[in-house]
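The values are calculated or read from the model by the stated rules, or taken from the named source; none is laboratory data. Since the model is a prediction, treat every value here as computed from it, not as a measurement. Note: ideal-geometry Cβ built from the backbone for every residue, glycine included; neighbour counts use all protein chains shown. SASA here: full protein model, heavy atoms, side chains in, ligands and nucleic acids out. Shrake-Rupley method; radii C 1.70, N 1.55, O 1.52, S 1.80 Å.
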Amino acid sequence: MRLRTPIAAACMVGIAIAAYLTYVHYAHTSPVCTTGGCEKVQKSKYAELGGVPVALLGLIAYVTLLALAFVRGMNAATAGVFTAAVGVVFSGYLLWAQLGPINAICQWCLGNDVTIAVVAALYVVRLLTEEGG
Amino acid sequence: MSLLGHPVVVPRNRLLVLGAAIAAAVVAVVVIVVVVGSGSGSSSTTTTTAHSGGGGATEARSTFAGIPQHDDTLGKASAPVTLTVFEDPQCPFCRQWNIDTLPTVVQNYVRSGRIKLVYRGVVVIGDNSLVGLAAIYAAAEQNKLWQMAEALYERQGDENSGWITIPVVRSAAKEIGLSPAQVTTAMRSAAVTSAIRKSAAEAQSLGINGTPTFAIQKPLGPLQQLQVSGLDPGDFTPALDQALR
């Protein structure tokens with residue numbers, strides 16, 4: 001469990017990004033943006049899944065990953081890898097959407113992509129090195 | 001094998017668990033995106049198809065029936081407050097506002113003469129929006145701008161998929177009772193080009209780069225952005241009530 005701190009720290013970064021984008025979505029404001037495409041991405045159809053903002057889904061995922069960081073055992077490590085892998089794959093899908101159909105890049109999404117990749121890598125290491133199991 | 005600088009012997013079952021978790025995650029995302037994504041897609045298609053048969057026109061007619069409309073303005077000229085709406089015909093949230101909330105705003109505020117609405121079309125999503133704006137401002141020449149905007153939203157496709165075509169415009173024009181030929185001719189007119197430029201200039205002067213954006217102007221007051229918490233009637237009208245006080 002020596003990875004608890006780095007996992008928690010990375011999850012907190014992800015929570016901050018996802019919480020900000022969730023706020024922007026519901027407050028109907030424009031995100032702070034240096035890449036110029038954040039609003040276009042945020043208002044595209046890819047910003048929601050089944051009517052739920054993807055930012056909110058990301059927030060839920062990061063909170064789950066943060067909670068799992070404090071639970072010992074193989075089951076928690078496996079659940080963490082699964083959740084983080086879902087995040088990585090879904091982020092890849094959204095990156096494809098930004099580069100393709102939306103044709104705009106959102107800096108917050110890229111920040112999330114890096115963060116979820118780090119969290120996933122840490123959970124993989126945790127799974128492979130977790131004591132017991 | 002070495003992890004974080006420490007030599008580690010990874011049991012085979014751990015690698016199997018890792019592989020299974022990643023595979024399950026990939027399958028889960030694919031299923032979610034395909035099932036949920038295709039669900040929204042088919043819903044959108046159904047809406048478009050249903051309204052292309054004339055349902056949209058009926059809805060548009062009932063929303064705007066009996067309300068004075070001149071050029072880009074909907075409502076009584078004497079209405080003390082003006083709500084200017086900056087929209088892009090390709091913008092899904094503009095469609096949501098137009099379909100879900102505009103009828104309530106029209107019914108509760110415009111019909112009673114408390115507010116008049118001014119349409120400002122801007123290009124935010126992509127070049128295809130220009131075709132839609134040209135059609136909308138062409139309809140304004142026959143005082144049916146709001147009906148045309150709604151008819152196009154009823155037909156809205158994916159962003160930048162090129163869905164705003166001349167046949168789509170002709171179909172929308174026919175549905176709202178305009179001559180398709182007259183509309184498509186007017187789309188190329190200097191007046192329409194000028195209206196689009198004027199709208200873009202006003203959006204730029206207010207620093208607007210997203211849609212929908214709402215601005216409100218009280219008697220003798222400046223045009224100010226209206227902050228809304230959401231686009232549903234329940235979220236939108238409280239902001240409007242607050243601004244009207």
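Taking R0 as 22 Å, what's the FRET efficiency between B:K218 and B:K76 from their Cβ-Cβ distance, rounded to 0.05?
With a Förster radius of 22 Å, E is 0.90.
Sorted by accessible area (1.4 Å probe), largest first, how do A:V86, B:V106 line up?
Ranking A:V86, B:V106 by accessible area, largest first, yields A:V86, B:V106.
Going by amide H atoms built from the backbone, whose H comes under 5 Å of the H on A:T35, apart from near neighbours?
A:Q107
Could you give the spread of the C-alpha atoms of region B:94-224 along their three principal axes, from largest to smallest, in whole angstroms?
41, 30, 28
Would you kindly compute the Cα radius of gyration of region B:65-143 and its largest Cα-Cα separation (Dmax), both in Å?
12.8, 37
What's the extension gain from A:L110 to A:M12 if we count 0.36 nm per residue and subtract their Cα-Cα distance?
Full-extension gain reported as 33.7 nm.
In degrees between 0 and 90, to the nearest 10, how far off the longest principal axis of chain A does helix A:54-69 point, with axes built from Cα atoms?
10
Could you pull out every Cys in the protein assembly as shown that lacks a partner Cys with its beta carbon under 4.7 Å away?
A:C11
Per residue of region B:103-115, in order, report the coupling 6.51 cos²θ - 1.76 cosθ + 1.60 (Karplus, θ = phi - 60°) as ³J(HN,Hα) in whole Hz, putting x for Gly and Pro.
Residue by residue, region B:103-115 yields x, 5, 4, 5, 5, 8, 10, 7, 4, 7, x, 7, 9 Hz.
If I model a spin label as a point 7 Å beyond the Cα along the Cα-Cβ vector, how far apart are those points for B:Q204 and A:T35 in nm?
Taking the two extended label points, one gets 2.6 nm.
If I take the Cα coordinates of region A:1-124 and project them onto the principal axes, what are the three extents in Å, biggest first?
42, 27, 26
If I take every Cα pair under 8 Å that is 6 or more residues apart in chain B, average their sequence separation and divide by the length, what percent do I get for the relative contact order?
22
Taking just the alpha-carbon atoms of the protein assembly as shown, what radius of gyration and Dmax come out, in angstrom?
When restricted to the Cα atoms of the protein assembly as shown, Rg and Dmax are 24.8, 81 Å.
Can you sort B:E87, A:E131, A:E48 by 1.4 Å-probe accessible area, starting with the largest?
Largest accessible area first, the residues go A:E131, A:E48, B:E87.
Per residue of region B:71-86, what does 6.51 cos²θ - 1.76 cosθ + 1.60 with θ = phi - 60° give for ³J(HN,Hα)? Whole Hz please, x for Gly and Pro, Karplus curve as stated.
Residue by residue, region B:71-86 yields 6, 9, 10, 10, x, 5, 4, 7, 4, x, 10, 10, 10, 9, 10, 9 Hz.
Over 13 Å, how big is the tail of the calculated P(r) for region B:201-245, in percent of all Cα pairs?
So the portion of pairs separated by more than 13 Å is 58 percent.
Summarise the accessible area of region A:11-97 (1.4 Å probe, protein heavy atoms) by the percent that is carbon and sulfur.
Carbon-and-sulfur percentage of accessible area, whole number: 72.
Just report the Cα centroid separation between region A:42-66 and region B:93-126, whole Å.
Centre-to-centre distance over Cα atoms comes out at 28 Å.
Tell me the mean residue ellipticity at 222 nm calculated for chain A from its helices only (DSSP H runs of n ≥ 4, each -39500 (n - 2.57), averaged over every residue, nearest 500).
-23500 deg cm²/dmol
Working from Cα positions, state the angle (0 to 90°, nearest 10) between the long axis of helix B:166-175 and the longest principal axis of chain B.
50
I'd like the orientation of helix A:4-27 relative to chain A: the angle between its Cα long axis and the longest Cα principal axis, in ° from 0 to 90, rounded to 10.
20
Identify the residues of region B:204-222 with backbone N under 17 Å of a label point that sits 7 angstrom from the Cα of B:Q242 along the Cα-to-Cβ direction, or state none.
Within reach of a label on B:Q242, which here means backbone N under 17 Å from a point 7 Å along Cα→Cβ, region B:204-222 contributes B:213-218.
May I ask for the percentage of alpha-carbon pairs in chain B that lie more than 25 Å from each other?
48
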